[in-house]
Amino acid sequence: MKRVLVANRGEIAVRVIRSCRALGLETVAVYSEADRGALHTRLADRAVCIGPARAAESYLSIPAIVATAQGTGCDAVHPGYGFLAENASFAEACARHGLSFVGPPPEAIRLMGDKLRAKQIAAGIGMPVIPGSDGPLRSPDEAATVAASIGYPLLLKAAAGGGGRGMRVIASPSRLAEGFAGAQAEAQAAFGDGTLYAERFLERVRHVEVQVLADQMGNCLHLGERDCSVQRRHQKILEEAPSPAVTPELRAAMGEAALALARHIGYENGGTVEFVLQAGSPRFYFIEMNTRIQVEHPVTEMLTGLDLVAEQLRIAAGEPLRLTQADVRIDGHALECRINAEVPDEGFRPSPGVIREWVAPAGEGIRVDTHVGPGAAVPPFYDSLLAKVIAHAPDRTAAIARMRRALATFRVQGVETTIPFHRRILDHPDFLGGRVHSRWVEEEMMAARSVA
């Protein structure tokens, strides 16, 4: 492997380019017309425009990306996260044209991309799963039959994707038909597949995920967990590790479960197995596997000292893992705040524009992953993530204090951001006491703000 095409934009494209450079690999960036002059295009050894602003004609165009990789002499393609990162057809197209896909085999992507099938596979190897439908639901009546068996509230989920799209919580039978139609339409629009399945909605759960790495020789290990419970409408806002709710015994059990699934499907490269934990209980349930690098991967990097993107590239190049499970060390505590160009008090309305001032925090234990700076345009066409601020310290209390200081010095002018919202989260007694759950933001932070 000598030259890598980075099939993405924004901070993850910058992140991948920097890891490639550290490994001595050349990089080719792709960009849409809306991203002309963006940081990732300036950092790469070469940059190629692949289409207009609309993602379907640029960052989601498999022919354009593969042709660019071939035309620029690339050996490999790193998809980042989002866009084509979990597209099995894209991985297959790369393989057909002699390009190493920096990710898992297409079949693993396909198996885990079908959330219902993934749940069935997990149950088949003995992993605990949330009670729900055994197969896809074709109508509200079929969903009602499932609800009669497992009870309300019912959670409708898109079989073809995640990220909160195509998902509805149904509190009572009277809301089922409307919720089913809404979830189905959203899933069809987002994933081109309106297939739904249902699960019992578990209230006040924590969302915890386990990072895994697997090489092409069958070696596999996990790097502990990340707690992603601070989220709104199933979109993560703040992540931390280790989880305040996970004991050493639970960590070991979840890690082994994640590895069992990875081994069963012949997984390779980096991935994340996601679980929910019931409040006040040591029980955990499998929900899905993400077959890509996660947005929140820097939290794990700060704890382990590993460069996960570099590990992905080494695995894709055919190298064995350089460490065993016994070598993994978790050092201290880390948090990540996602800084978006959004207005939280207006339903997280996007705030595109031009950044006039950008003064990011720095100092011991602080890392900022970003793709913007003074004068950068924040286009309305893509995800609104501007930066990720990661704070690392010997313990949770010190990490929170360090993050507070970092956000207090972060100055942005020209667009609205979620920085003030993050500061309110970090000051809240529930968060300080580790008492959050996956609906805490809606129930406490947003509800309290609307009343005020």
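Every read-out reported here was derived from the displayed coordinates using simple, explicitly stated rules and does not represent laboratory data. From a predicted model like this one, the values you see are computed outputs, not experimental measurements. Don't worry about glycine lacking a Cβ; one is built from the backbone with ideal geometry, like all the others, and counts go over all protein chains shown.
Values computed for the structure shown
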read-out	value
Length released on extending from residue 46 to residue 279, taking residue separation times 0.36 nm less the Cα-Cα span	78.9 nm
Loop trypsin sites (Lys or Arg not before Pro), the range 128-165, which have at most 13 other Cβ atoms in a 10 Å radius of their Cβ (DSSP)	138
20 Å Cα-Cα reach of residue 157 towards lysines, excluding residues that sit fewer than 8 places from it in its own chain	115, 119, 236
Residues residue 54 and residue 408, FRET efficiency given R0 of 22 Å [Cβ-Cβ distance, rounded to 0.05]	0.05
Square roots of five times the Cα gyration tensor eigenvalues for the range 228-293, Å	20, 17, 10
Amide H contacts of residue 161 (H built 1.01 Å from N, under 5 Å, at least 5 apart or other chain)	115
Where trypsin sites (Lys or Arg not before Pro) fall in DSSP loop in the range 1-34, at most 15 other Cβ within 10 Å	2
Environment charge of residue 281, counting only residues whose C-beta is closer than 12 Å and scoring Lys/Arg +1, Asp/Glu -1	+3
Residues of the range 232-254 with amide N under 15 Å of the 7 Å Cα→Cβ point at residue 324	none
Per-residue [θ]222 nm for the chain (sum of -39500 (n - 2.57) over DSSP H runs n ≥ 4, rounded to 500)	-9500 deg cm²/dmol
Mean projected area in nm² (Cα convex hull; one quarter of hull surface) for the range 205-451	13.5
Potential extension, residue 175-residue 134 segment - 0.36 nm per residue separation minus Cα distance	12.6 nm
Fraction of the pair-distance distribution of the chain above 32 Å, Cα-Cα pairs, percent	37
Exposure rule at most 13 other beta-carbon atoms within 10 Å, DSSP loop GluC sites (Glu not before Pro): the chain longest free segment	1-202
